[in-house]
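J.: Got a structure for you, written out below as structure tokens; questions coming shortly.
Where a number appears in this text, it was derived from the coordinates with a stated rule and is not lab data. Keep in mind the model is a prediction, meaning the values are calculated, not measured. Methodologically, a virtual Cβ is constructed for each residue, glycine included, from the backbone with ideal geometry; neighbour enumeration extends over all protein chains shown.
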Amino acid sequence: MINNHVSQNELYKTPRLYVDADFALGGAVRLEAGQNHYLRNVLRKREGDALRVFNGRDGEWLARVLTLGKKAGELELEGCLRSQPDPAAAPKVHLYFSPIKKQRMDVMIEKAVELGVSDLRPVIMHRSVMRNINEERMRAQIIEAAEQCERMDIPALEPARQMDEVIAGLSQPLFACIERDGAALPLAECEFGDNVAFLVGPEGGFEEREIAQLQACGNVIPVSLGGNILRAETAAIACLVAFANLKSVVV
Ligand code: SAM
């Protein structure tokens, strides 16, 4: 670790960027065009200014702006600030979700990243109003949320799949949030292993056939989030908070 000449107090104010490149002491890493524009024109950064960078593999490093031209820029890596946590040591939590309307989808994605989700798995269900995922936009949202909340990794975004496929391919317990199901297990009584998944339905809820499919699957645990009918994004947040608290995924 470096005793950087940027005080701790200053450090957390420096911008934090995800840079998908290998890090080495004294090495230089190239900025993507969007990052270049953001640093140069939005944050008005100049050569010599400090930044924090992470790549999800080599920890978080202190970097300095080497060049920041109109189209391209480079950073010089000054030293490691935080080592990369061991990915195998962290419990895994997967979020299967029906795409929902844009603004609410944005909230679900951002909060899931902040709450430590391991990966995001869109599922097209019978009542899914939104049936196409803008993967590029969603990946950019995921990265921005990870940069902001100081996560050391970037949760994966899996390709959208049909519900039948998801159920057929289940390899871990799936806690399926099923509203209005009197037999569902209250979230507070769920016991989580170290590799679990949650499923949240669309604005219109699950079709009867989907509920029967879920209830018939051995790996599926129907879960109740209480008597109130929550928005899908609220349901996802409730599950991830319950898991994070039990497993201290978000420290
Ligand atoms: N239109 C549905 C209805 O009125 O029954 C509500 C769907 S809700 C807006 C979206 C999703 O959030 C549901 O499919 C379910 O996955 C989850 N959810 C919301 N409230 C819940 C609750 N009380 N228990 C379990 N899951 C819930």
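J.: Peptides 33-43, 235-245, 57-67: what's the order by average Cβ count within 10 Å, highest mean first?
T.: Order by mean packing, descending: 235-245, 57-67, 33-43.
J.: Let me test this: with uniform point scatterers at the alpha carbons of the chain, what is the Debye-based log₁₀ I(q)/I(0) at q = 0.08 1/Å?
T.: -0.37
J.: What per residue convex hull volume, in Å³, comes out for region 1-114 when only alpha-carbon positions are used?
T.: 142
J.: Using only the alpha carbons of region 99-148, what is the convex hull's orientation-averaged projected area in square nanometres?
T.: Value for region 99-148: 3.4 nm².
J.: Need one number: the % of Cα-Cα pairs in region 157-251 sitting beyond the 19 Å mark.
T.: Details: 1724 of 4465 pairs.
The share of Cα pairs beyond 19 Å in region 157-251 comes to 39 percent.
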